[in-house]
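Read through the structure below, which is laid out as structure tokens, and then see the notes.
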Amino acid sequence: MSGEGRFVLPPPRRPSVAVAGRDERLAVRRIWCVGRNYAAHVREMGNDEREPPFFFGKPADAVVDSGARLPFPMATRDLHHEAELVVAIGKGGARIPQAGAMGHVWGYACGLDLTRRDLQAEARRMSRPWDMAKGFDRSAPCGPLTPAQEAGAVERGRLRLTVNGALRQEAGLQEMIWPVAGIIAHLSALVELAPGDLIFTGTPAGVGPVRPGDELRVEIDGLIPLEVSILA
Ligand code: MN
């Protein structure tokens with residue numbers, strides 16, 4: 001088989017995320033993110049909420065564990081928080097029907113889609129790709145995964161983000177324009193999904209700036225919170 005065997009340089013460390021209450025971790029294959037999945041956030045960004053959602057990616061090694069202390073990212077003066085439900089895929093597939101989609105979910109976590117909003121605004125203006133706005137180093141903090149069968153009805157719960165204890169984002173997950181099953185159906189019609197794929201499912205209204213020294217906490221009912229701090 002091609003691609004196996006010995007390497008000229010030591011292979012990179014495999015990205016992974018923690019699993020609640022276990023020593024084992026989930027190896028991350030790919031990270032996909034949904035754009036514009038809450039009507040109020042779509043409006044605050046000046047877009048039409050009737051547009052279907054779209055997807056973008058982050059490198060797998062952008063994941064960061066809860067508890068991390070992150071350096072303020074390079075090349076931005078406008079770092080934004082986007083608190084999101086993260087779905088981990090446990091069973092792969094292409095063209096997964098919406099009716100069977102939830103059987104492909106391994107678990108859920110609290111996540112942050114950190115965004116260099118100034119670079120995103122420039123990319124939008126120039127019709128350029130979003131990679132440098134969304135896919136930078138340590139841009140995907142992800143809390144410990146809770147297996148789907150232990151998490152209960154996650155999509156009926158609420159999501160909250162606090163910065164230094166002050167509430168900045170709060171919404172019910174049932175406000176998602178495309179719920180998890182619809183996201184999996186749409187995404188798997190574009191790319192084949194496989195175990196270890198993470199999907200950041202979009203952020204509600206209330207996105208805003210993150211500054212050096214800030215402490216961010218994302219909570220979703222039934223899941224373990226995600227906490228990260230930005231170094232002063
Ligand atoms: Mn997002």
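Test residue 185 against the stated conditions and say whether it is within 16 Å of the ligand (Cβ to nearest atom), open to solvent by less than 60 Å² (accessible area, probe 1.4 Å) and either touching a helix residue (DSSP H, G or I) at 6+ places or on another chain (Cβ under 9 Å) or in contact (Cβ under 8 Å) with a residue 24 or more places away in the chain (or both). Full working, then the answer.
On the way: within 16 Å of the ligand (Cβ to nearest atom): no; open to solvent by less than 60 Å² (accessible area, probe 1.4 Å): yes; either touching a helix residue (DSSP H, G or I) at 6+ places or on another chain (Cβ under 9 Å) or in contact (Cβ under 8 Å) with a residue 24 or more places away in the chain (or both): yes.
No; evaluated as a whole, the condition is false for this residue.
Of the conditions (1) at pLDDT 95 or above; (2) of a type outside the set (Val, Ile, Thr); (3) on the phi > 0 side of the Ramachandran plot, residue 46 clears all except one; give me its number.
The number of the failed condition is (1).
If I go through the range 185-232 residue by residue, how many of them are of a type in the set (A, V, I, L, M) and in a strand (DSSP E or B)?
Quick first cut of the range 185-232, residues of a type in the set (A, V, I, L, M) only: 185, 187, 189-191, 193-194, 198-199, 205, 207, 210, 216, 218, 220, 223-224, 226, 228, 230-232.
If we keep only those that are in a strand (DSSP E or B) as well, we get 193, 198-199, 216, 218, 220, 226, 228, 230.
Count: 9.
Considering only strands (runs of 3 or more DSSP E) fully contained in the range 63-156, which possess at least 3 residues that are within 15 Å of the ligand (Cβ to nearest atom), of a type outside the set (Gly, Ala, Ser) and touching a strand residue (DSSP E or B) at 6+ places or on another chain (Cβ under 8 Å)?
Values: elements: 63-65, 79-81, 83-89, 105-112, 140-142.
In the range 63-156, the matching strands (runs of 3 or more DSSP E) lie at 79-81, 83-89.
Restricting the first residue to the range 207-223 and requiring it to be in contact (Cβ under 8 Å) with a residue 60 or more places away in the chain, which pairs with a second residue that is open to solvent by 20 Å² or more (accessible area, probe 1.4 Å) and aromatic (Phe, Trp, Tyr) meet a Cβ separation below 6 Å and a spacing of at least six or different chains?
212/72
Among residues belonging to the range 11-43 that are within 14 Å of residue 177 (Cβ to Cβ) and either more than 16 Å from the ligand (Cβ to nearest atom) or among the charged types (D, E, K, R) (or both), point out the one that is surrounded by the most Cβ atoms within 10 Å (Cβ to Cβ).
Looking only at the range 11-43, we keep the residues that are within 14 Å of residue 177 (Cβ to Cβ), and these are 34-43.
Retained after the next criterion (residues that are either more than 16 Å from the ligand (Cβ to nearest atom) or among the charged types (D, E, K, R) (or both)): 36, 43.
Working: 36: 20, 43: 13.
The selected residue is 36.
Do you know which residues across the range 159-171 are within 13 Å of residue 41 (Cβ to Cβ) and open to solvent by less than 50 Å² (accessible area, probe 1.4 Å)?
Going residue by residue through the range 159-171, those that are within 13 Å of residue 41 (Cβ to Cβ) are 159, 161, 168-171.
Across the range 159-171, the qualifying residues are 159, 161, 169, 171.
The values are calculated or read from the model by the stated rules, or taken from the named source; none is laboratory data. Bear in mind the structure is a predicted one, so any value in this text is a computation, not a measurement. Reconstructed Cβ throughout: ideal geometry from the backbone, glycine too, with neighbour counts over all protein chains shown. Side chains included, ligands, DNA and RNA excluded: accessible areas come from the protein's heavy atoms. Shrake-Rupley method; radii C 1.70, N 1.55, O 1.52, S 1.80 Å.
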